[in-house]
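Here's the structure, in C-alpha cells; my notes come after.
The values are calculated or read from the model by the stated rules, or taken from the named source; none is laboratory data. Keep in mind that this is a model prediction, so the values were computed, not measured. Please note: Cβ atoms are built from the backbone with ideal geometry, for glycine as well, and neighbour counts cover all protein chains shown. Remember, those area values only see protein heavy atoms, side chains included, never the ligands or the DNA or RNA. Shrake-Rupley method; radii C 1.70, N 1.55, O 1.52, S 1.80 Å.
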Amino acid sequence: MSGPVEALSFTEGILAYVRFELTKLRGRRITWVPFLVLTLVVGLIVSVFHYLQFTTVIQVFRAFQIFFQSKEDFVNGYYMAAHSMNPMFQLLLPIFISVASGLMIAGEAEAGTLRACLIRPVPRRRLILGKFAILSGYSLALCLFLLFMLVGIGILNFGTGDLYTLNMAFHNGETGVSMVPAAELPFRFLMAGLLATMGMMVLAALALLISSLVETAAMAYVLTLSIYFALLTLRWLPFLDWLYPYLFVTHMLRWQQCFYEHIKLGEIYVSLVHLACYLVAFLSAAVLLFEQKDVKS
Amino acid sequence: MPEPLLEIEDLSKTFRRRVLASAARGGIAGADDPFALQAVDRINLTVERGDVFGFLGPNGAGKSTTIRMALGLIHPTSGRVRIGGYDLATDRLNALRKVGAFVEAPAFYSYLTGRKNLEIFAGLSGRVPDALVDETIDLVGLRGREHERVNVYSHGMKARLGIAACLLPRPELMILDEPTDGLDPHGIREIRELIKRLARQEGLTVFLSSHLLNEVENLCNRIAIVERGSIILQGRLDELEKTHRRLRIQTDKPQESAALLRERFKIEARPDPDARASLLVMPNGHATEELNAALSGAGHAVRHLAPEEAWLDRLFLELTTTKESSKSSAPMAGESLS
Ligand SMILES: Nc1ncnc2c1ncn2[C@@H]1O[C@H](COP(=O)(O)OP(=O)(O)OP(=O)(O)O)[C@@H](O)[C@H]1O
Ligand SMILES: [Mg+2]
C-alpha cells in the first residue's frame, strides 16, 4: 500500500467539494421533484387561463379607462406568466428551497454522513459555503426553469403581446395600470427571475443557519417555513407597518417592480442592499455556529 | 523507538443534560436543570505507531464520546488531543490528514453507489487516483458490488465499505468505533481478519472501541478499559495477561493442593465458582510446568491445569458494573450548552 494521498490545493479543494455536493444533489431523487411539480402546475395554470373569461378583469380595466373587448385583447403568454409568478415565488419555491437546505445539513446529520464528512481534513467553513453555493445554483435553476416554462408555454398557448397589469396586483400601494411593450418583456422577466433568485438565496442562507442548529431535516424546514410565512403575514398587521421595510421577505418580493411601466431602480437597489446584508448576516451566523457546533448525531 | 500517533491528555466532556428530556422523564423540571452529565472524565492514553489498541467499556461508558473528541466532532470541555504530533484544537486539518475513521457506525449516501461514496469521502481527504479506489475495493472484498447503490447493501457489506472509506486516504491511524457491531459471526470474523491483516501486513496503527472481549483479545496488543468516563485499567495485553490471567487447576485433593501452593509458592488458591473441585490461582510468574511438577511430586493427581479461558471477560465483568450509568455533577461555570 502506498503512502498517504496527496493533499489538494486550496482552489482544487473548493472545486472538488462543490463537485461532490453537486453529485449528491443530482443523485437525490427529491432534487428533481420541484421541476416536475412546477411543470405540472404550469400545465394547470394554462388550462385555468383557457377556461377563465376574465369578464371582471375587463371591467376593472375599464375603470382605469382601458377598454378591452375580450380576453384575447390582453391575455397573452406574458400576461399569464406575470400573473402566476406571485404564488409560485411566494409559496412554492420557498418550500422547495427550504426542503433542499434542510436536507443538506440537518438531513445529513440525521443520516450520519455529516459526521463522516467532518472527520475528513476539510475546513468546516468550506462545507457550509460549498453547500450554500450549490443551493444558490439550485435556486437560480429553479427560478429560471419556472420563468422559462411560464413564459414559453404561455406564449405557445396564448401568443405574445404587450403586458397590461393592474398595479395593485403587485403590492406597491399604487393604483392604476402599467403597460410594458412586448419588446421589453423578455428582459423584464429575466430581471425578475434574477431578483427572485437573490431573494431565494437569502432564504437558503436562513435555512442553512437553521439547518445547522437543529437535529432533523423535518425540523429544519418546518422552522424555516414557519419563520418565512410568519414574516410574510406580518404585512397584514397595520400596526407593524413601520417594521415592514426592514424585513427580508419584503425585499424578496421586489421582483414585482419589474412589471411596472417605469421601473423604480432606486427601490430595486435598496432591496438588493437589504438582501445582500441579510445574506451576509445569515451566512456568517451559519458559518460561526457550524464551526463551534458539537456534532453529536 | 516508540512513536506516539494518538495522544489523549486529561480529556473531559460534560454534557448539559437536556432540559426538556429530563422534565419529560419526570426528573428535575424547569429551565435551570442543575445537573450536568460527565460523559468523559480526565482520560489519558497514548497509541503508539504499530499498536492495535482496544478501547473497552460497557454501554454508555464514554467510548464514542472520546472518539468524537479525538476526531474533532465535539469540543472537549478540557484536555487535549494530538494526532501525529498535531494538536487537534489548533491544527485540525493536519491532524485529520493522518486518520481514517468512523464513529458509531459508518454512514453513506444510500442513493449513491458504493464506489461513488468512496470517491466522495476519499476526495475530501485528498487526490485519490482511480487505481487506489479499485485496489481498496479489492482489499475489502467488494469487487463486483461496487456499482450498486448502498441502500441495497447488507450490513456486512456496509461494514466493509466503511473500512474501505477509512483506508482510502491511506491513513497512518485508523479509528474504528465498534467495527463489528451488528454483524453475524461470519461478518465479525471477516472484519476482524481484515483489521488484523491491515495491522500486520500494512503496518497500520488501529484504535478500536468494542465491548466484544474476545475480539479485543484476538486483535489488540494494548487495551484500556473505560467505565463511567474514566479509564480503570490500561496496559499491554501480554503484561495484563501475566498479572491477571489465572490458572485453573483440578486435582483429586483440592484443599491439600491449595495448602501446598500457598506454602511452596506463596500463591493464594481460591475455589472456582464455575467448576466443582477446581481451583483458580494467580501463578505470579511461576511456570505451569513448575506448579504441575510440584503437585504431582506431592502425590496429587492433576486432572486439569490450564490458563483460564475468557480471562478478559472475567476481568471486564469484575471491573465494570453492569448497568448503564454516568456521573452527575453540579454544572461548572462557563460550561458549553449542549
Ligand atoms: N449528545 C449527548 N448529550 C447528552 N449526553 C450524551 C450525549 N452523547 C452521549 N451522552 C452520554 O454520554 C455517555 C457516554 O456515551 P457514549 O456514546 O460515549 O458511550 P459509549 O461508550 O460509546 O456506549 P456504547 O457502547 O453504547 O456505544 C452516556 O451516558 C450518554 O448518555
Ligand atoms: Mg458508542
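So what are the ³J(HN,Hα) numbers for region B:220-225, from phi and the Karplus equation (6.51, -1.76, 1.60; θ = phi - 60°), rounded to whole Hz, Gly and Pro as x?
After applying 6.51 cos²θ - 1.76 cosθ + 1.60, I find 9, 9, 9, 9, 9, 9 Hz.
Output the residues of region A:116-137 meeting this criterion: accessible area (heavy atoms, 1.4 Å probe) in the chain alone minus accessible area with all protein chains in place is 20 Å² or greater.
When all protein chains are present, A:116, A:117, A:118, A:119, A:120, A:121, A:122, A:123, A:124 each give up 20 Å² or more of accessible surface.
What residue among B:244, B:286, B:211 has the largest mean-square fluctuation in a Gaussian network model of chain B, using Cα springs under 10 Å?
B:286
Just the accessible area per residue of region B:4-235, please: how many Å² with a 1.4 Å probe?
Values: 8690 Å² over 232 residues.
It amounts to 37 Å² per residue over region B:4-235.
Run the accessible area of the protein assembly as shown with a 1.4 Å probe and give the carbon-and-sulfur part as a rounded percent.
On the way: 16870 of 28460 Å².
That fraction is 59 percent.
Give the calculated FRET efficiency between residue A:179 and residue A:7 to the nearest 0.05, with a Förster radius of 45 Å applied to their Cβ-Cβ distance.
Values: r = 60 Å, r/R0 = 1.33.
The calculated FRET efficiency here is 0.15.
Any chance you could run the full-extension gain for residue A:262 through residue A:222? It's 0.36 nm times the residue separation minus the Cα-Cα distance, nm to one decimal. Each step should come with its number before you reach the end.
Values: separation 40, 0.36 × 40 = 14.40 nm, distance 3.82 nm.
Net length gain for the segment: 10.6 nm.
Provide the percentage of antiparallel DSSP beta bridges, counting only those with both residues in the protein assembly as shown; round to the nearest 5.
70 percent
Per q in 0.12, 0.24 1/Å, what log10 I(q)/I(0) does a Debye calculation on the alpha-carbon atoms of region A:203-297 return?
So the normalised log intensities work out to -0.48, -1.23.
Remind me, relative contact order of chain A in percent, using alpha carbon pairs under 8 angstrom and six or more residues apart? Provide the component values of the computation, followed by the final result.
Working: 340 pairs, mean separation 70.4, N = 297.
Relative contact order of chain A: 24 percent.
Name the residues whose placed amide hydrogens come within less than 5 Å of the amide hydrogen of residue B:232, ignoring near sequence neighbours (fewer than 5 apart) on the same chain.
B:225, B:226, B:227
When averaged across all projection directions, what area in nm² does the alpha-carbon convex hull of region A:117-222 cover? Mind showing how you got there, number by number?
Values: hull surface 39.1 nm².
Approximately 9.8 nm², given one-decimal rounding.
Counting alpha carbon pairs within less than 8 Å and at least 6 residues apart, what relative contact order, in whole percent, applies to region B:106-265?
On the way: 145 pairs, mean separation 26.3, N = 160.
That works out to 16 percent.
Compute the orientation-averaged projected area for the protein assembly as shown from the convex hull of its Cα atoms and round it to one decimal in nm².
Numbers: hull surface 152.0 nm².
Taking the Cα atoms of the protein assembly as shown, their convex hull projects to 38.0 nm² on average.
Restricting to chain B, compute how many DSSP beta bridges are antiparallel as a %, nearest 5.
Values: 38 of 56 bridges.
Roughly 70 percent of the DSSP beta bridges within chain B come out antiparallel.
Please list, or write none, the lysines whose alpha carbon is within less than 25 Å of the alpha carbon of residue B:196, excluding same-chain residues fewer than 8 places away.
B:63, B:98, B:158, B:242
Compute the accessible area per residue over region A:81-180, keeping the other protein chains in place, probe 1.4 Å, unit Å².
Details: 3060 Å² over 100 residues.
Solvent-accessible surface per residue comes out at 31 Å².
What relative contact order, as a whole-number percentage, does chain B give when Cα pairs under 8 Å and 6 or more residues apart are counted?
Working: 617 pairs, mean separation 75.2, N = 338.
It comes to 22 percent, rounded to a whole number.
Between chains B and A, what is the buried accessible area summed over both chains (1.4 Å probe, protein heavy atoms, nearest 100 Å²)? Write out the running numbers ahead of the final one.
Details: alone 17230 and 14970 Å², together 28460 Å².
In total, this chain pair buries about 3700 Å².
Any chance you could count the Lys pairs in chain A whose alpha carbons are under 25 Å apart, treating pairs 8 or more apart or on different chains as valid? Mind dumping the intermediate values first?
Numbers: A:24/A:131; A:24/A:293; A:24/A:296; A:131/A:293; A:131/A:296.
Lysine pairs meeting both conditions in chain A amount to 5.
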